[in-house]
Amino acid sequence: MATVNTDIRDSSTSPTVFILGGAGIALIWALMQFYVISWTKIEEVEASRTVDEEERVGLKTGHNIAVLEGRRAHAVVQKELELLKETYEAIFAGAEAFLRAEYSICAIFVLVFSVVIFTLISVGQNTTLGFLTTLSFILGAGTSIASGYIGMRVAVYSNVRTTINAQRPGYEACFNTAFRAGSVMGFALTGLGIAVLYITLLVFYTQFPQDKWILMMDCISGYGLGGSSIAMFGRVGGGIYTKAADVGADLVGKVVHGIPEDDPRNPATIADNVGDNVGDVAGMGADLFGSFAESTCAALVIAAQTQDLLDAGWGAVCFPLVVSTAGIFVCLVTSFLATNIFPVVNEDRIEIALRLQLIVTTLLMLPAAYWAAATYLPLEFHIDGVSKSLLATQFDAFLCVAVGSVGGLIIGLTTEYYTSKVYTPVRELVNACRTGAATNIIYGLSLGYKSVVVPVFILAFIVYLSFERCDLYGVALAAVGMLGNLATGLTIDAYGPVCDNAGGIAEMAELHSDVRKKTDALDAAGNTTAAVGKGFAIGSAALVSLALYGAFVVRIRKALLLSSTGSNVEILQPTTFAFLLIGSMLPYWFSAMTMKSVGKAAMEMVDEVKRQFDLNPDLLNKHSKSRPDYEKCVMISTNAALREMVAPAALVMLAPLITGTLFGVHAVYGLLTGSLLCGVQLAVSMSNTGGAWDNCKKFIESDVDPSLGGKGSDIHKAAVIGDTVGDPLKDTSGPALNILMKLMAIISLVFADYFFSLNEGRGLLNMSVE
């Protein structure tokens, strides 16, 4: 094939303007959405409500009485305003304090691990590559921290404004506020991630000739490692924080004393609301940023080893980034559906509007991906695969992206079926609660196990088709395709915690029950979409992990100078098979550690809540004016999260390092294979079980079926117990398994040459590979 000019300054082959332009538009759009949110002023809204209240009273009474009642209404509104501000400030202070403490630990980790990366890669290759990989790692970690912090700040800023707009007639104003808050998170993170990664590539480009681009991509894989490392701390630490508070508040408040959720008399309420921001927003944002970075890095590493793509130019190598950038434009156009074209005018439209976002963005991604393939890829390109050599086409690459995108949608809709209160599985859970908590638990576990079936079949089909068409490069493109609508996925993911917090603020500010009813409706839809988002995250994590695994195999194969025929991964090789079993055990070990951490922290929280109730029995009085010591509970969650997040993270990061160092690359093959196979199924089961239990509780609380008894009934208590058990499953262990799969794989890829440098990949123990 004829060589094409690879100069990135050549506009005919370079995607620079398109990629950086798209990233810039994403950041501008995020700022515009934040500006619209800022139009809601707490004081102005409350002042206008006071006037409306006075006019309403004046119409019903004489003038003198109207003046008196108007003053009373004004006093009530002023009290609500003060409580709103007080709650908002307490949540912000708690979230800010936790993230500062968590990111301080992360900064120390980044510093220490940077030394490890530089040292080991310098040993395996040279100091220049060690330095550039370390730089990529620091940039990825910094971008992940910035993404999580931005998401937290925007969520806290928007929570109270969603509550305020819930006091207006209808659902449109409050829905749009929460949705736009999610948009800020989605577009800011996507734009920032693409911009930093591509600018880093442009800088590295000046240091490497074309025949050394594979080394450049090895260095850039540090970017994914940095993002995923911070995501591990964010997911585990944030998950422990939020669920310790949530479980503690539920057990003592709702189950023992019958206090409503988010009641200001519950000492753990503020900590619970803080947790929504540090776990469900900051942690989730870092998780999906890591998926984007790692899938892109895996595709870049494999592309840089495909000679025909190198010959076709810079644009062909950067095709994965072009797909992600095209997704920004698709998501931006689609966002108008929810806020303008199909506005949420009633409760029934909430889930429909959010579901449409996923469906339409997926459909629009197909022509966008086809355009990207036709524009930047050669008509045909030869791939030297791990099992065979094949000739792929533009259409093959497009098909890999498309099957990943559509497969992600199917996994998301399957997750919705198993977790939404509209469908049969959750309704069966509701009926199971009639006979107590035990039957609820049994049905919930069964639901989670069954929900694994369809996603695994879909993932298997995606892997088969993409591998058949474009080998491991196709698997990486499928992962990129599944994350093509990342901005929309993040939008609907962040939407849920914002609505959850809005309901908590309404309860604590003692607003009218109609306000809480609206926020509960928004939150119930948010629970479902959050579960859908977790389905996307788990599916993409599986593909990303497999793509990274493939990139690792390709790098080792390159080092061994093996022929293009015959696989160099033999599952039945003794070392590989032994470590396959060990790898399949790691998700269970990791889950046990994270769930136990939540349990320990929750026990501390339960004891503290009980202590405060015993110390001040007036808190149990429905009309009590006393306020508990919120800060004590916030401190318990903070200390527990920071203390308990270290061991699980160490397990994930040290497992591949120790395995590769001592036992060699064949042991790493088995470790990664086992952790992927077990991790993806355990993650789906945990997330869907917890999501279904949560919406089961919400359905009973909605009083749609009066025979269930509503809040405070025995049926409700059984549902609360199920929800409490499910909290660490869906918000701590389940989501964190995504990162276990990805982080182990990216660590293996980054240190591939170091592993191979030890007795040609046999490790310090010089293991036999016969």
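The values are calculated or read from the model by the stated rules, or taken from the named source; none is laboratory data. Not measured: the values here are computed from a predicted model. Note: ideal-geometry Cβ built from the backbone for every residue, glycine included; neighbour counts use all protein chains shown. Areas reflect the complete protein model, heavy atoms only, side chains present, ligands, DNA and RNA absent. Shrake-Rupley method; radii C 1.70, N 1.55, O 1.52, S 1.80 Å.
Here are some notes:
- Difference of contour (0.36 nm per residue) and Cα-Cα distance, residue 592 to residue 371: 75.0 nm
- At the residue level, residue 635 shows approximately 100 square angstrom of accessible surface with a 1.4 angstrom probe and all protein chains present.
- Accessible surface, region 119-221, averaged per residue in Å² (probe 1.4 Å): 29
- From the coordinates of this entry, Cα Rg over 2.2 N^0.38 Å is computed, and it appears in (i) 1.06; (ii) 1.11; (iii) 0.95 under the label (iii).
- Cβ-derived FRET efficiency at R0 41 Å, residue 620 paired with residue 359, nearest 0.05: 0.30
- Within the accessible area of the chain, the carbon and sulfur atoms contribute 64%, probe 1.4 Å, all protein chains present.
- The distance from the alpha carbon centre of region 714-758 to that of region 77-147 is 19 Å, rounded to a whole number.
- Mean accessible surface per residue for region 264-419, computed with a 1.4 Å probe while every protein chain stays in place, in Å²: 25
- Distance-filtered residues of region 422-465 - backbone nitrogen under 13 Å, label point 7 angstrom along residue 713 Cα→Cβ: 430-436
- Cleavage-rule hits (trypsin sites (Lys or Arg not before Pro)) in region 701-761: DSSP loop, at most 10 neighbouring Cβ within 10 angstrom: none
- Stretched out straight at 0.36 nm per residue, the stretch from residue 38 to residue 585 would grow longer than its current Cα-Cα span by 192.1 nm.
- Nitroxide proxy distance, nm - points 7 Å out along Cα→Cβ at residue 517 and residue 461: 4.2
- For 693, 29, the ranking by accessible surface with the largest value first comes to 29, 693, using a 1.4 Å probe.
- Inter-centroid distance (Cα atoms) of region 622-664 relative to region 311-361, Å: 34
- For 458, 505, the ranking by accessible surface with the largest value first comes to 458, 505, using a 1.4 Å probe.
- For region 476-631, the solvent-accessible area with a 1.4 angstrom probe is 36 square angstrom per residue.
- When the charge dipole of region 536-671 is built from unit charges on Cβ atoms (+1 for Lys and Arg, -1 for Asp and Glu) and taken about the Cα centre, the candidate among 638, 660, 586 whose Cα reaches farthest toward its positive end is 660.
- Under 22 Å from the Cα of residue 79 - lysines, other chains or at least 8 residues apart: 41, 517, 518, 622, 625
- Size of electric dipole in the chain: Cβ of Lys, Arg +1 and of Asp, Glu -1, about Cα centre, debye, nearest 20: 360
- Residue 113 - accessible surface, heavy atoms, 1.4 Å probe, Å² rounded to 10: 20
- At R0 = 51 Å, FRET efficiency that the Cβ-Cβ distance of residue 423 and residue 570 yields, to 0.05: 0.70
- Going by accessible surface with a 1.4 Å probe and the largest first, 760, 86 read 760, 86.
- Where only DSSP H runs of four or more residues are counted, the chain gives -27500 deg cm²/dmol as its mean residue ellipticity at 222 nm, each run worth -39500 (n - 2.57).
- Counting heavy atoms of the protein chains alone, residue 157 has an accessible area of about 50 Å² for a 1.4 Å probe.
- Cα lying deepest toward the dipole's positive end in the chain, options 437, 339, 735, charges on Cβ: 437
- Measuring against 19 Å, Cα to Cα, the residue pairs 243/421; 85/698; 600/632; 421/730 contain 243/421; 85/698 as the ones spanning a longer distance.
- Rel. contact order, % - alpha carbon contacts under 8 angstrom, at least six apart, region 353-487: 33
- Entry note, the chain: relative contact order of 20 percent, from Cα contacts under 8 Å with a spacing of 6+ residues.
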